[in-house]
1. Expressed as a whole number of Å, what is the distance separating the alpha-carbon centroids of segment 26-85 and segment 97-118?
2. Subtract the Cα-Cα distance of Ala126 and Val149 from 0.36 nm times their separation in residues, and report this length gain in nm to one decimal.
3. When Leu74, Leu103 are ordered from fewest to most other Cβ atoms inside 10 Å of their Cβ, what list results?
4. Can you compute the label reach from Val94? Point 7 Å from Cα along the Cβ direction, backbone N cut-off under 16 Å, restricted to segment 40-82.
5. Specify the angular offset, from 0 to 90 degrees and rounded to the nearest 10, of the alpha carbon long axis of helix 124-137 from the longest principal axis of the alpha carbons in the chain.
6. In degrees, nearest 10, range 0 to 90: what is the angle between the Cα axis of helix 57-79 and the longest Cα principal axis of the chain?
7. Tell me, what is the FRET efficiency for Tyr87 and Val36 to the nearest 0.05, using R0 = 22 angstrom and their Cβ-Cβ distance as r?
8. What is the distance, in nm, between label points placed 7 Å from the Cα along the Cα-to-Cβ direction at Leu103 and at Arg9?
Amino acid sequence: MATYTAGIRWNRGEQKFTDNRYSRAHTWQFDGGTTVPASASPHVVPLPMSDATAVDPEEAFVASLSSCHMLWFLSIAAMRGYVVDAYADDAVGVMEKNAAGKLAMTKVALHPLAIFSGAKRPDRAALDALHHAAHEECFIAASIRSEVVIEPRTA
């Protein structure tokens, strides 16, 4: 078993609180020493009570899923003898009401683009198999209820 931690820090400061017009800006602190500016999404809490320049939980959710998929993809590609030179993903999460009528991240679409070099390069079937294997191994994907769609791009 492994445990993972994140420190979340918010302070009201001099703002009034009970009028619900306080800043949602806060920080995420990670064990490696990185501190990330965070906030509620401006789609959820209007400006100026949110901070559009900070990472919001919904963006972090999408990034976490995309990052996990990429890390497994790279590992599996290496094990199968492929050389990956670059990888990019423009992942998109969709927040809408689910079947129970609750707002939820109902779908995340990954749009990965992997650039390969060397003599051994995957054809479309092998590329799809790499992405399928990565999705099956990704523990973030295994932990969520959202539909995850992987739509690989080609260069």
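Coordinate-derived values only; no laboratory data. Note that the structure is predicted; figures quoted are calculated from it, not measured. Cβ coordinates were reconstructed from backbone atoms using ideal geometry, including for glycine residues, and neighbour counts include every protein chain displayed.
1. Taking the Cα centre of each part, segment 97-118 and segment 26-85 sit 13 Å apart.
2. Stretched out fully, the Ala126 to Val149 stretch lengthens by 6.6 nm.
3. In increasing order of surrounding Cβ atoms, one gets Leu103, Leu74.
4. 62
5. 50
6. For 57-79 against the chain, the angle is about 20 degrees.
7. Step by step, r from the Cβ atoms, then E = 0.50.
8. The modelled label-to-label distance comes out at 2.7 nm.
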